[in-house]
Amino acid sequence: MKNKIFALIDCNCFYASCEKVFRPDLKDSPVVVLSNNDGCIVALSKEAKNLGIKRGVPLFKSRGIIEKHDINVFSSNYTLYGDISARVMKTLTLFSHDIEIYSIDEAFLNLTDFKHIDLVKYAQKIKETIYKCVGIPISVGIGETKTLSKLANKIGKKYNKFDGVFNIVNHPAKEKIFSFFDVSDVWGIGFEYTKMLHKNNINSILDLVNADDVWIKKKMTIKGLYTVWELRGDSCIDLEKYIPDKKNILSSRSFGSPVTSKKELAEAIAYHITLACESLREQNSVCSFITIFFSTNRFKENEPQYMNAKTMPLLTPHAYTPDLINTAHKALDLIYKSGYKFKNCGVVLGGILPLSHRQLALFDDHGIDYKKTNIIKAIDDINDSYGKEKIITGAFKYNKSWAMRREYKSPNYTTNWNELPLVKA
Ligand SMILES: [Mg+2]
């Protein structure tokens, strides 16, 4: 479809920018964020990029450069990033109700209704508002299709002179832009397609735009053809506004330090069941079976190795955390073996269906079921209002010896009353 306008909003260096929101002292300082268990660098601010730090490098290998330049290191704080992301997205709805939240730091807006105003000015306004209200810097790309808005965003970010906003709609130099960028810069064209296209002498976006439709469809399926049409300005990929419910819910992590006792393993599994069950109830669903799994560290070849998994069906599908923990612990009894150092564990909730589709078994007691539903709802409400893990089951402790290593974690400024930022005036 022609005559549409989309904007792609992308938060710049999102995790690093989140760490700076409540630390104005770090405004122009280099910041890096680490992966789970403080393993690798997963995000970095532009100052850290300029110092030559690379993404994906293990922390211990970057120690020298970090110390030399006094770079600020943070463990990942997903509670903070998730909350800041929600604030960004909510603020974006002031500018268009037609929004697709594409990832934690990206969203598409449908701006078709705004095509008669100055779109660059409008995008600058969006940028200023997000910075003023949330404290996060963003870039905006505007195009006739989602694919073009993605490319425009890349341009806006790459060249300082555009100040983070680029509009490719009816751009007089469109052909020149297309001949300058490689096919790998196109949204949806990954490593394999890039290789194939290059082999067939299709290198620039312009080559791709001029390629034969039948050939593209044969080589890249209908999805690839849609991408090419989108580059030509024909909108084929609409906003996806409804996120389908998850069919499986997984919660797993590696331990901060090896776990050697059944008690600790049982605690960790109870913790994952608790997290997974919260997501299950959030989407108003119940599960029909659970799987637990755990394993030793397969990279430590000189240590004895053991991994196992066990699935347990539920008589009646439900989402009641204490009962699911009981079932998970029964599964653990069946497969646990002592004498190993375990590296990770997790749970999967499967056979998920909407709560409204659930059938009680013949001899189920409706009274007890009603009571459990109310108890768990009260717990969810309290945890929603007063912060995560305010009420937990007795099956795991607050001080989790097996929890992730997060030596450099920032406070949960926005989701925990005890960790609110302090202002001295
Ligand atoms: Mg980003």
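Of the two radii for the stretch 110-199, the radius of gyration is 1.02 times the Kirkwood radius, both from the alpha carbons; that is the Rg over Rh value. Taking the DSSP beta bridges with both ends in the chain, the antiparallel portion is around 85 percent. Summed over the residues of the stretch 157-215 and divided among them, the accessible surface reaches 62 Å² per residue at a probe radius of 1.4 Å.
With charges only on Cβ, +1 for K and R and -1 for D and E, what is the dipole size of the stretch 174-231 about its Cα centre, in debye, rounded to 20?
Working: 8 positive and 8 negative charges, 34 e Å.
So the magnitude is around 160 debye.
Where does the charge balance sit around ASN37 when Lys and Arg score +1, Asp and Glu -1, over other residues with C-beta under 11 Å from its C-beta? Local charge sum for ASN37: +2.
FRET efficiency for the GLN124 to GLN359 pair, using the beta carbon distance and R₀ = 56 Å, is estimated at 0.50.
Only one residue of MET220, SER29, LEU360 has its Cα farthest out toward the positive end of the dipole of the chain, where Lys and Arg carry +1 and Asp and Glu -1 on Cβ, and that residue is SER29.
For the chain, the normalised intensity computed at q = 0.09 Å⁻¹ comes to -0.75 (log10 of I(q)/I(0), Debye sum over alpha carbons, equal scatterers, no solvent). Note: relative contact order over the stretch 174-231, using C-alpha pairs below 8 Å and six or more positions apart, is 33 percent.
Within the listed set ILE138, ILE65, ILE84, the residue fluctuating most in the Gaussian network model of the chain (springs between alpha-carbon atoms under 10 angstrom) is ILE65. Ligands, DNA and RNA are left out, and with a 1.4 angstrom probe the accessible area of the stretch 325-393 is 64 Å² per residue.
Calculate, for LYS161 and TYR102, the FRET efficiency according to 1/(1 + (r/R0)^6) with r their C-beta to C-beta distance and R0 25 Å; round to the nearest 0.05.
Numbers: r = 26 Å, r/R0 = 1.05.
About 0.45, to the nearest 0.05.
Placing pseudo-labels 7 Å out from each Cα toward the beta carbon at TYR131 and THR415 gives an inter-label distance of 2.7 nm.
Summing Cβ point charges (Lys, Arg +1; Asp, Glu -1) relative to the Cα centre of the stretch 271-327 gives a dipole of roughly 100 debye.
Taking the C-alpha atoms only, the angle from helix 213-231 to the longest principal axis of the chain is near 80 degrees. Helix 366-386 and the longest principal axis of the C-alpha atoms of the chain enclose an angle of approximately 50°. Spatially close Lys pairs in the stretch 249-386, defined by Cα atoms under 17 Å apart and a spacing of eight or more places or different chains, total 13. Each part reduced to its alpha carbon centroid, the stretch 1-72 and the stretch 259-318 end up 32 Å apart.
Which net charge results when you count Lys and Arg as +1 and Asp and Glu as -1 among the other residues whose beta-carbon is under 14 Å from that of GLU192? Before the final figure, lay out the partial values.
Working: positive: LYS195, LYS199, LYS219, LYS223; negative: none.
Combined, the nearby Lys, Arg, Asp and Glu give +4.
Extension gain, SER338-SER35: 0.36 nm per intervening residue step, less the Cα-Cα distance, totals 106.1 nm. So how tilted is helix 119-133 from the main axis of the chain? Cα-based, degrees 0 to 90, rounded to 10. Once rounded, the angle reads 30 degrees.
Would you tally the net charge around ASP207, using a Cβ to Cβ cut-off of less than 15 Å, leaving ASP207 out, and scoring K and R as +1, D and E as -1? Can you show the working numbers first?
Values: positive: LYS174, LYS176, LYS195, LYS199, LYS219, ARG232; negative: GLU175, ASP182, ASP185, ASP212, ASP213.
Here the charged neighbours net out to +1.
Can you compute the helix-only [θ] at 222 nm over the chain? Use -39500 (n - 2.57) per DSSP H run of at least 4 residues, normalise by all residues, nearest 500 deg cm²/dmol. Before the final figure, lay out the partial values.
Working: 13 runs with 164 residues, N = 425.
It comes out at -12000 deg cm²/dmol, rounded to the nearest 500.
Where both bridge residues fall in the stretch 16-161, DSSP classifies roughly 65% of the beta bridges as antiparallel.
The C-alpha atoms of the stretch 294-401 occupy a region whose extents along the principal axes are 53, 37, 21 Å, arranged from largest to smallest. Taken about its Cα centre, the chain carries a charge dipole of about 880 debye when Lys and Arg each add +1 at the Cβ and Asp and Glu each add -1 at the Cβ.
Accessible-area rank, largest first, for TRP402, TRP229: TRP229, TRP402, with all protein chains present and a 1.4 angstrom probe.
The separation of the stretch 140-186 from the stretch 400-415, counted between C-alpha centres, amounts to 39 Å. For the stretch 9-167, the residue among GLY82, LEU148, PHE114 whose Cα projects farthest onto the positive side of the dipole built from Cβ charges is LEU148.
The values are calculated or read from the model by the stated rules, or taken from the named source; none is laboratory data. Only a predicted model underlies this, so the values are computations on that prediction, with no experimental measurement involved. All Cβ positions, even for glycine, are placed from backbone atoms using ideal geometry, and neighbour counts span all protein chains on display. Heavy atoms of the whole protein, side chains included, go into the accessibility calculation; ligands, DNA and RNA do not. Shrake-Rupley method; radii C 1.70, N 1.55, O 1.52, S 1.80 Å.
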